[in-house]
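Visitor: Encoded as structure tokens, here's the structure I'll be asking about.
The values are calculated or read from the model by the stated rules, or taken from the named source; none is laboratory data. Just so you know, these numbers come straight off a predicted model, no measurement behind them. Every residue, glycine as well, gets a Cβ built from its backbone with ideal geometry; the counts of neighbours run over all protein chains shown.
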Amino acid sequence: MSIEEIFERYVESKIFKDREKLLPDYVPEELPHRDEQILKLASILAPALRGSRPSNVFIYGLTGTGKTAVTKYVLRKMKEKAPQTVEYAYINCRQNNTSYRVLAELAKHVGVKIPFTGLALGEVMKRLLQGLERRRYVLIVVLDEIDNLVKRQGDDVLYFLTRVNENLSSSKVSLIGITNDLKFTEFLDARVKSSLGEEELVFPPYSAAQLEDILRRRAKEALHEGVVDDEVLRRVAAIAARQNSDCRLALDILLKAADIADREGASRITLEHVEKARNEIEKNLAVDIIKTMPLHVKLVLASIYLLSRSDSARMITTGLIYDKYKELVGKVGIEPVTSRRVSDIINELDMTGIINAKVISLGRYGRTKVVSLGVPARNVEEGLMSDLILRSLIENMEE
């Protein structure tokens, strides 16, 4: 097939009507099954329409429960209602993962240019305040995946933003923090925690039926009529429902399956396309999750990975894992966490599906937890090897 034929096939797609409508950052005109959360957030933020500062809001829930989409949806509606009174700045703290970058991005929204590097943080805050003073509106700052910033840099930026109104006379600032880490507040100073958590909003997971309905609505917008049937949508919804009912994952699988069908020149999306998409996404997802893990979690996973390649792979117990973990920690030159914390980490890894942990009976010797990898070893290796410390460690251990 020539490059011209590839481009022609894409231009005259049998599958897509508007591919953008399946992308994760697209916010549709309707957000089904989130009416309660939409109305609560709208009622919290509504004072901004009359120039008053709304309460700060802390939003949490598992990945793919609609937190970001609902927040953007409500703010978009507010902006339409009061374009002169309300402004909002959306910042993803995974992409902007330092205090400097977050404040520089925020400064951009108020018309202040901050160099990429070179200024002291205090100077950036001072210029941001000056920019805010020149405005006369309520600025709602959304910090998505806020836990990434705090775990990496501490809560100085949050302290500044929750206290910034004390130094403003013409503008007002309100803060929305979004996270999928339910234990996130444990990392916050008590003063920041009380200011940020003025209002809290919890997003429950979607049911399989709700996921299927969302997929059907998006498919109607994005795909040509008759391209996808209910059996395919049910299958995609079922896969996502088993992964914490992650709507983002469901949309990713449907998009990937549609892309595969489109590349193959098919006129319909089949279950086979869904299976290919699931395998591809799960591989990428596992690698991405491992790359972003804290060091001690990576070290526990590396212990399991190394044990799985050794003679004791048939029975990897928590005791063996802790012994191997302490060996790795000793080589890195850092203090180990407790065996109880390692047990918690094993449970967390089990919840992500990267490992499988089950309790078995040893008869009169009691019970023990046996662990195995839940994803292909090559995916674990790829994720761990992205860390230079672990790359050197694993390579030396395998020699």
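Visitor: Considering only residues that are free of Cβ contacts under 8 Å to residues at least 24 places away in the same chain and not charged (D, E, K, R), look in segment 5-44 and name the one that is surrounded by the most Cβ atoms within 10 Å (Cβ to Cβ).
Guide: Tyr26
Visitor: Please tell me if Val112 is aliphatic (A, V, I, L, M), in a loop (DSSP other than H, G, I, E, B) and out of contact with any Phe, Trp or Tyr (no Cβ under 8 Å at 6 or more places or on another chain).
Guide: Yes; evaluated as a whole, the condition is true for this residue.
Visitor: Of all residues in segment 341-375, which are among the basic types (Lys, Arg) and modelled with pLDDT of 90 or more?
Guide: Arg341
Visitor: Something else about it: Can you list residue pairs whose Cβ atoms sit under 9 Å apart, with the first residue in segment 373-392 being touching a residue at least 24 places away in the same chain (Cβ under 8 Å) and outside the structural domain of Leu306 (by TED's automatic domain parsing) and the second being surrounded by fewer than 17 Cβ atoms within 10 Å (Cβ to Cβ) and acidic (Asp, Glu)? Count only pairs 6 or more apart in sequence or on different chains.
Guide: none
Visitor: OK, next. Hey, can you tell me all the residues within segment 82-98 that are within 18 Å of Leu129 (Cβ to Cβ) and within 19 Å of the chain's Cα centre (by Cα)?
Guide: To start, the set of residues in segment 82-98 that are within 18 Å of Leu129 (Cβ to Cβ) comprises 87, 89, 91.
Listed by number, the residues that qualify are Ala89, Ile91.
One line per residue, one yes/no per condition, for (1) of a type in the set (Lys, Arg); (2) closer than 30 Å to Asn347 by Cα; (3) more than 18 Å from the chain's Cα centre (by Cα):
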site	(1), (2), (3)
Lys220	yes, no, yes
Asp259	no, no, yes
Ala266	no, no, yes
Thr292	no, yes, no
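Visitor: May I ask you to say which residue of Val192, Val141, Val157 is within 29 Å of Thr65 (Cα to Cα), modelled with pLDDT under 90, out of contact with any Gly (no Cβ under 8 Å at 6 or more places or on another chain) and β-branched (Val, Ile, Thr)?
Guide: Within the list Val192, Val141, Val157, the selection yields Val192.
Visitor: Identify all residues within segment 253-269 that are surrounded by fewer than 18 Cβ atoms within 10 Å (Cβ to Cβ) and of a type outside the set (Asp, Glu); write none if there are none. Working first, answer last.
Guide: Here is the first cut: in segment 253-269, the residues surrounded by fewer than 18 Cβ atoms within 10 Å (Cβ to Cβ) are 263-268.
Selection gives Arg263, Gly265, Ala266, Ser267, Arg268.
Visitor: If I go through segment 65-99 residue by residue, how many of them are surrounded by fewer than 17 Cβ atoms within 10 Å (Cβ to Cβ) and either in a helix (DSSP H, G or I) or at positive phi (or both)?
Guide: Looking only at that region, the number is 5.
Visitor: Just to be sure I understand, how many residues within segment 148-159 are in contact with a helix residue (DSSP H, G or I) (Cβ under 7 Å, 6 or more places away or on another chain) and either outside any helix (DSSP H, G or I) or surrounded by fewer than 22 Cβ atoms within 10 Å (Cβ to Cβ) (or both)?
Guide: Going through segment 148-159 one residue at a time, the tally reaches 5.
Visitor: Are there any pairs, at least 6 apart or on different chains, whose C-beta atoms fall under 6 Å, with the first in segment 341-353 and not assigned by TED's automatic domain parsing to the domain that holds Gly319 and the second in a helix (DSSP H, G or I) and of a type outside the set (Gly, Ala, Ser), and if so, which?
Guide: none
Visitor: Same structure again: Inside segment 39-64, can you point out the residues that are assigned to a helix (DSSP H, G or I) and among the basic types (Lys, Arg)?
Guide: Lys40, Arg50
Visitor: Is it the case, given these coordinates, that Glu275 is touching a residue at least 24 places away in the same chain (Cβ under 8 Å) and not assigned by TED's automatic domain parsing to the domain that holds Val337?
Guide: no
Visitor: Being in contact (Cβ under 8 Å) with a residue 40 or more places away in the chain, surrounded by fewer than 21 Cβ atoms within 10 Å (Cβ to Cβ), among the aliphatic types (A, V, I, L, M) and not in a loop (DSSP other than H, G, I, E, B) is the filter here, so list the residues in segment 174-213 that pass it.
Guide: Leu201, Val202
Visitor: Of everything in segment 235-255, what is within 24 Å of Val70 (Cα to Cα) and either without any contact (Cβ under 8 Å) to a residue 40 or more places away in the chain or touching a strand residue (DSSP E or B) at 6+ places or on another chain (Cβ under 6 Å) (or both)? Give them in sequence order.
Guide: Val236, Ala237, Ala238, Ile239, Ala241, Arg242, Ile253, listed by residue number.
Visitor: Within segment 18-38, how many residues are assigned to a loop (DSSP other than H, G, I, E, B) and of a type in the set (Val, Ile, Thr)?
Guide: Number satisfying all stated conditions: 1.
Visitor: Test Tyr60 against the stated conditions and say whether it is within 20 Å of the chain's Cα centre (by Cα), under 26 Å from Gln153 (Cβ atoms) and in the same structural domain as Ile178 (by TED's automatic domain parsing).
Guide: On the way: within 20 Å of the chain's Cα centre (by Cα): yes; under 26 Å from Gln153 (Cβ atoms): yes; in the same structural domain as Ile178 (by TED's automatic domain parsing): yes.
It is true that Tyr60 is within 20 Å of the chain's Cα centre (by Cα), under 26 Å from Gln153 (Cβ atoms) and in the same structural domain as Ile178 (by TED's automatic domain parsing).
Visitor: Still on this model: On the given criteria, is Leu255 more than 21 Å from Lys17 (Cβ to Cβ) and either touching a helix residue (DSSP H, G or I) at 6+ places or on another chain (Cβ under 7 Å) or assigned by TED's automatic domain parsing to the domain that holds Asn379 (or both)?
Guide: no
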